[in-house]
Amino acid sequence: MISKANSNRAEQGESYSYDVPHGDDDELDGSGGTGEAGNASGREDSEPQNPSLNPPSAHLFLVSIISIVFGAILISHLSSGPTLILSTKMTTAFGRSIELARCSATLLNPSSANSEISLANLRVPVLHHFSNRCSAISFVTKDSVCRTSKKSSSRILCSVSKTYVDESNNYEDGLTYKSAGVDIDAGSELVKRIAKMAPGIGGFGGLYPFGDSYLVAGTDGVGTKLKLAFETGIHDTIGIDLVAMSVNDIVTSGAKPLFFLDYYATSRLDVDLAEKVIKGIVEGCQQSECALLGGETAEMPDFYADGEYDLSGFAVGSVKKDSVINGKNIVDGDVLIGLPSSGIHSNGFSLVRRVLARSGLSLKDNLPGESVTLGEALMAPTVIYVKQVLDIISKGGVKGIAHITGGGFTDNIPRVFPEGLGAVILKDSWVVPPVFKWIQEAGRVEDAEMRRTFNMGIGMVLVVSQEAALRLLGDAQATNIAYRIGEVVKGDGVSYQ
């Protein structure tokens, strides 16, 4: 960690003082000692003294030999690969100094998951210089995760695109959506119970016969993404999210959105703030080519915290009865086409907020390795797929569509399949946005949990015939407009290859 005494100096580019945990020992103090011994090794008097080495000339000779050996090793490893050599104190061939308090392994190699080092003082230029030569400036290197004991070191780690994990609370298990307060299984159970009272529900939108067409209706909110809107002050795009969540649901039936209504609730009406939110809703309606027909503004004193509000939205569209997309014609061998997302969209934010709290970073810090802040990356508005999906439908061959929201691929794709069919997803067939990699590393979230919580970079999945896939993809995959992400197989559920 960066000690409190040096926190201001650290920001000015001077040396950073870290308190370093080492195995099961107590934390080292800022000088590199254990707090009792006070020296690097912790064994000041454990070795007998050799009188022959007392003369200064002998000391100088020994130090020179050690420096030459370490220098040779350093140059050898820097030229051969992404490695870093650590010594008690040394000057690199580039003229930069690294001060070390204690070192349990002299070689930090990204290919090893258990290379351990312990740092006390490290200058910023050196950290920047070596940041591209090692997988992490950390105590235990694993992938690109940096683990320290205090949040105060998060800023310097972020500056070199490394992810920080706070271990001061002895986290052992990775975070899950359920541990963050959202139980997907409980939600599914409720839907099953409601279905007994209202048969026909369970799709992405509800269908109501209306002449030769169906009216298709959907309702949704934006969840705890609102919490980040309050913290970042980004309110002008949250309305886009609101519209997207409903119109993306109803377009899965092939319906064109007709109109939208909103519900805005707050304890005390802030007219300027509400105007920003409504402007986003208007923008979302324009993108989906539907009318903002009306809405409700509810002012409820003492119900919400000051400055906070809640949102819900309702969309209605229509589709000809003979053009409804319902998945009934899906067969083994059909192709899954994925449409890219802009990021997290509007699901999984209860887990995201837990990860953010654990990471030690703020919403104003950059997403590690990227030029945008975490706030900007997390608040990226949900893609409205209406125009793109309706255009693809018009070309023929679309048999089923899944909106990838809460439940991810795991729960949403099977919703459009007939019984006896499942999906195989080619997990390397598209580029996963960096924000998901950060969430997984900082929260130690398991692969299966990520796939059941987030869209992982694919916000809409279309099931099409093989002939339609060849026609639709064309140049689309080369321009990242759509990806062939898998196929339908006999069985059930979703598997990954």
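The values are calculated or read from the model by the stated rules, or taken from the named source; none is laboratory data. Note that the structure is predicted; figures quoted are calculated from it, not measured. A quick note on method: Cβ atoms are made from the backbone with ideal geometry, for glycine too, and the neighbour counts reach across all protein chains shown.
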*Limited to region 405-462, what total is found for residues that are modelled with pLDDT of 95 or more, in a helix (DSSP H, G or I) and on the phi > 0 side of the Ramachandran plot?*
0
*Looking at region 334-351, is at least one residue among the hydroxyl-bearing types (Ser, Thr, Tyr) and in contact with a strand residue (DSSP E or B) (Cβ under 6 Å, 6 or more places away or on another chain)?*
yes
*Please determine, by comparing only the residues of region 463-493 that are of a type in the set (Val, Ile, Thr) and at pLDDT below 95, which one is surrounded by the fewest Cβ atoms within 10 Å (Cβ to Cβ).*
Thr479
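Find the residue count for region 169-191, including only residues that are farther than 26 Å from Phe260 by Cβ and either modelled with pLDDT of 70 or more or within 20 Å of the chain's Cα centre (by Cα) (or both).
Adding up the residues that qualify gives 16.
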*asked:* Tell me whether region 346-360 contains one or more residues that are assigned to a strand (DSSP E or B) and of a type outside the set (Ser, Thr, Tyr).
replied: no
*Is there a residue being buried (at least 24 other Cβ atoms within 10 Å of the Cβ), modelled with pLDDT of 95 or more and assigned to a loop (DSSP other than H, G, I, E, B) anywhere in region 392-404?*
yes
*Since Thr382 meets every condition but one in (1) of a type in the set (Ser, Thr, Tyr); (2) outside any loop (DSSP other than H, G, I, E, B); (3) at pLDDT 95 or above, which condition does it not meet?*
(2)
